[in-house]
1. Give segment 53-72 a look and list any residue that's hydrophobic (A, V, I, L, M, F, W, C) and part of a helix (DSSP H, G or I), or say none.
2. Do you know which of the residues in segment 115-131 that are part of a loop (DSSP other than H, G, I, E, B), of a type in the set (A, V, I, L, M) and closer than 20 Å to Arg75 by Cα is most open to solvent (accessible area, probe 1.4 Å)?
3. Mind checking which residues of segment 112-125 are under 9 Å from the mean Cα position of the chain (by Cα), without any contact (Cβ under 8 Å) to a residue 40 or more places away in the chain and closer than 13 Å to His38 by Cα?
4. Answer yes if at least one residue in segment 132-140 is of a type outside the set (Asp, Glu), farther than 26 Å from Glu62 by Cα, modelled with pLDDT of 80 or more and not in a helix (DSSP H, G or I), and no otherwise.
5. What are the residues in segment 102-114 that are surrounded by fewer than 19 Cβ atoms within 10 Å (Cβ to Cβ) and outside any loop (DSSP other than H, G, I, E, B), if any?
6. Report whether or not Ala116 is of a type in the set (A, V, I, L, M) and in contact with a Ser or Thr (Cβ under 6 Å, 6 or more places away or on another chain).
7. Might you let me know whether segment 43-61 holds any residue that is closer than 17 Å to Ala81 by Cβ, touching an Asp or Glu at 6+ places or on another chain (Cβ under 9 Å) and at pLDDT 70 or above?
8. Evaluate segment 187-194: report whether one residue or more is farther than 27 Å from Gly95 by Cβ, modelled with pLDDT under 85 and open to solvent by less than 50 Å² (accessible area, probe 1.4 Å).
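The values are calculated or read from the model by the stated rules, or taken from the named source; none is laboratory data. These numbers come from a predicted model, not from an experiment. Cβ coordinates were reconstructed from backbone atoms using ideal geometry, including for glycine residues, and neighbour counts include every protein chain displayed. Note: areas computed on protein heavy atoms with side chains; ligands, DNA, RNA excluded. Shrake-Rupley method; radii C 1.70, N 1.55, O 1.52, S 1.80 Å.
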Amino acid sequence: MANGVDQVLSDDVGEDVLRKFYQENILHFGKAQVRAAHILIEAVDPETGKEDWAKAERRINEIAGELFGAPDPRRAFPLLAQRYSMDPGTAKKGGDLGEFPLRGQLAREFAEAAFALNPGEISAPVKSGYGYHLILCLERKPPDLQANAFEDPEIRKQVKQEYLESLREKWLETNVYAGMKVKRLVDKLFTEGK
């Protein structure tokens, strides 16, 4: 990753690297959209105000069992979203989030799971920083792929910025966040033992 850090610091990225990154992320740069609904079970317990990931996971699995056990899960989804979802902004609308792009609006894990679905498909439980979700893909809008889009200076600038940002994120995940997780685990072990 030292090479990635050097690239971020020098801001020098080769043409072939940028073109490859563009091709690997064509859905994003082509501004593809998905319209999806979700059922959210938050990791923060509303009664205690504390994180309880295990409880949230058990609850989303119970709801998934009810959903997939229904005669028509797609028709049951909005009813279960209204009944169980902890997202007050979408629960009343059957969990409908509207349209969103692959990046920039929603948690990465959530958006990637939604983009992996075809219209009418429902995901298995998906973990995000908020809790657990069940996702129903309602509609997909394909990317606007122009043959010469990469030649546009604004697109090239965006590709370069996002490529450098992806290197920075990978470096942070590998070198900083991993160390923070280990420290929290060690702290937890020592405080529980007292």
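1. Trp53, Ala54, Ala56, Ile60, Ile63, Ala64, Leu67, Phe68
2. Ala124
3. Ala113
4. Looking through segment 132-140, at least one residue is of a type outside the set (Asp, Glu), farther than 26 Å from Glu62 by Cα, modelled with pLDDT of 80 or more and not in a helix (DSSP H, G or I).
5. Listed by number, the residues that qualify are Arg108, Glu109, Glu112.
6. No, not satisfied.
7. Within segment 43-61, one or more residues are closer than 17 Å to Ala81 by Cβ, touching an Asp or Glu at 6+ places or on another chain (Cβ under 9 Å) and at pLDDT 70 or above.
8. Taking every residue of segment 187-194 in turn, none turns out to be farther than 27 Å from Gly95 by Cβ, modelled with pLDDT under 85 and open to solvent by less than 50 Å² (accessible area, probe 1.4 Å).
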